[in-house]
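Only one structure is covered here, and it is reproduced in the block below.
The values are calculated or read from the model by the stated rules, or taken from the named source; none is laboratory data. On a predicted model such as this, the values are computed, not experimentally measured, just so you know. Cβ atoms come from the backbone with ideal geometry, glycine included; neighbour counts cover every protein chain shown.
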Amino acid sequence: MAQRGGAMVNLSSGAGIRGSISAGVQYSASKAGSIGLTKGLAADLAPYGIRVNCIAPGVIDTGLGAPGTGWTLAELKRYAQRDVALGRVGEAEDIAEVIVFLLSDGARFMTGEVVVVDGGASLAHRRKKEVE
């Protein structure tokens, strides 16, 4: 605040926006809380020139499967082929590059935003491809 500028990026999840059947209500509630925190901080810190934004990732390959869901990486990949518009599980780099952008001057007029990075999984019209 003393510097009169800066940027912060919080991480949420698509589950924080639309809920989650597989991850449980506690996970969804905590991720929705991250979104609320982002919006509140954005309003409170804007007078100090501090931007606060949030990323809501979809299914990302962290090498751990999907903790809390019991899904393996192979199951996540089958899900992505069927239900993600771009047809794949996201990679850590897909999220990292958005974080870098949100922290850069390229996002200097963005604050209080939630950027969904889910390969199109949240689209109403999902892929209709058969999973083998």
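Couple of notes before you dig in:
- Annotation: of all residues in region 49-71 being in contact with a strand residue (DSSP E or B) (Cβ under 8 Å, 6 or more places away or on another chain) and not in a strand (DSSP E or B), the one that is modelled with the highest pLDDT is Gly49.
- Test: residue in region 77-98 that is among the aromatic types (Phe, Trp, Tyr) and free of Cβ contacts under 8 Å to residues at least 12 places away in the same chain: no
- Within region 1-56, the residues that satisfy the criterion of being under 13 Å from the mean Cα position of the chain (by Cα) and among the charged types (D, E, K, R) are Arg18, Lys31.
- Among the conditions (1) modelled with pLDDT of 90 or more; (2) surrounded by 17 or more Cβ atoms within 10 Å (Cβ to Cβ), Gly36 misses just one, which is (2).
- Per the conditions (1) within 17 Å of the chain's Cα centre (by Cα); (2) among the aliphatic types (A, V, I, L, M); (3) surrounded by fewer than 18 Cβ atoms within 10 Å (Cβ to Cβ); (4) modelled with pLDDT under 85, the sole criterion not satisfied by Ala74 is (1).
- Meets criteria (at pLDDT 90 or above and assigned to a helix (DSSP H, G or I)) for Leu41: yes
- Residue within region 104-117 that is out of contact with any helix residue (DSSP H, G or I) (no Cβ under 6 Å at 6 or more places or on another chain), assigned to a helix (DSSP H, G or I) and buried (at least 19 other Cβ atoms within 10 Å of the Cβ) present: no
- Filtered residues of region 1-24 (kept if in a loop (DSSP other than H, G, I, E, B), in contact (Cβ under 8 Å) with a residue 24 or more places away in the chain and within 19 Å of Leu37 (Cα to Cα)): Met1, Gly5, Ser12, Ser13, Gly14
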